[in-house]
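The values are calculated or read from the model by the stated rules, or taken from the named source; none is laboratory data. Please read these numbers as outputs of a predicted model, since none were measured by experiment. FYI the Cβ positions are ideal-geometry reconstructions off the backbone, even for glycines, and counts take in every protein chain you see. Protein only, heavy atoms only, side chains kept; ligands, DNA and RNA dropped before computing areas. Shrake-Rupley method; radii C 1.70, N 1.55, O 1.52, S 1.80 Å.
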Amino acid sequence: MRKQNGRFAWLHWLWISLVVLVIDQITKQAITASFQYGESKYIFPWFNLVLAHNSGAAFSFLASASGWQREFFIVLTSIISCVLLWMLKSNSTNRMLSIALALVLGGAFGNLYDRVQYGYVIDFVQWHVAGYYWPAFNVADSAICLGAALLILDSFRTPAPAPTHPPSKEVG
């Protein structure tokens, strides 16, 4: 990406978020149009496509709560997204951090859209081995996990030293 200067330069990172959001919603709509709720299709010995609805958080945390979790997760995701936007604006010159934040934002927006629109998140990717199944997930979840991994990796990097300017030579 080319370097941008100015007050709104950080906005160019949001293209990543938009791409994640669009791919997430297209894949969810394709699965919803092709599968009945709970239907699973064997693809490989370790991979299925399945239409699942998650009214909870990661790994279906709080999915069996009485319904209050929908509004809670909408508000929580909205607050976290605002913080991530502020972080992106404040750190837009850090390429890895900006990519990480944009990925997490795109995933958060994808799942937030589902929660607002349907009351649950649409999941469809299912890994399994030897009879053990990983909870179903989606493109948004994958972007959030990749972004989180990049955030962790970025936290171990040594920041680049501030550019120094050689002393000016006075002509005299």
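Listed by first and then second residue, the pairs linking a residue in the stretch 20-45 that is free of Cβ contacts under 8 Å to residues at least 60 places away in the same chain and farther than 24 Å from G131 by Cβ to a residue that is surrounded by 11 or more Cβ atoms within 10 Å (Cβ to Cβ) and of a type in the set (F, W, Y), with Cβ atoms under 7 Å apart and 6 or more places separating them unless they lie on different chains, form an empty list.
Condition check: open to solvent by less than 40 Å² (accessible area, probe 1.4 Å), closer than 20 Å to L150 by Cβ, of a type in the set (A, V, I, L, M, F, W, C) and at pLDDT below 95. Does L88 satisfy that? Steps first, please.
Details: open to solvent by less than 40 Å² (accessible area, probe 1.4 Å): yes; closer than 20 Å to L150 by Cβ: yes; of a type in the set (A, V, I, L, M, F, W, C): yes; at pLDDT below 95: yes.
Taking the combined requirement at face value, the residue satisfies it.
Condition check for L76 on (1) at pLDDT below 95; (2) within 17 Å of G110 (Cα to Cα); (3) surrounded by fewer than 12 Cβ atoms within 10 Å (Cβ to Cβ); (4) among the hydrophobic types (A, V, I, L, M, F, W, C): one failure, at (3).
For the stretch 91-137, name all the residues that are outside any helix (DSSP H, G or I), among the small types (G, A, S) and either crowded, with 21+ Cβ neighbours inside 10 Å or at pLDDT 95 or above (or both). Can you show your working first?
Kept after step one, since they are outside any helix (DSSP H, G or I), are these residues of the stretch 91-137: 91-94, 119-137.
Narrowing the set further to residues that are among the small types (G, A, S) leaves 92, 119, 130-131, 136.
Result: A136, single match.
Being among the β-branched types (V, I, T), open to solvent by less than 90 Å² (accessible area, probe 1.4 Å) and modelled with pLDDT under 95 is true for just one of I31, I43, I23. Which residue is that?
Details: I31 fails: modelled with pLDDT under 95; I23 fails: modelled with pLDDT under 95.
Of I31, I43, I23, the one residue that is among the β-branched types (V, I, T), open to solvent by less than 90 Å² (accessible area, probe 1.4 Å) and modelled with pLDDT under 95 is I43.
No other residue among A58, A65 is open to solvent by 60 Å² or more (accessible area, probe 1.4 Å), modelled with pLDDT under 80 and closer than 27 Å to W127 by Cβ apart from A58.
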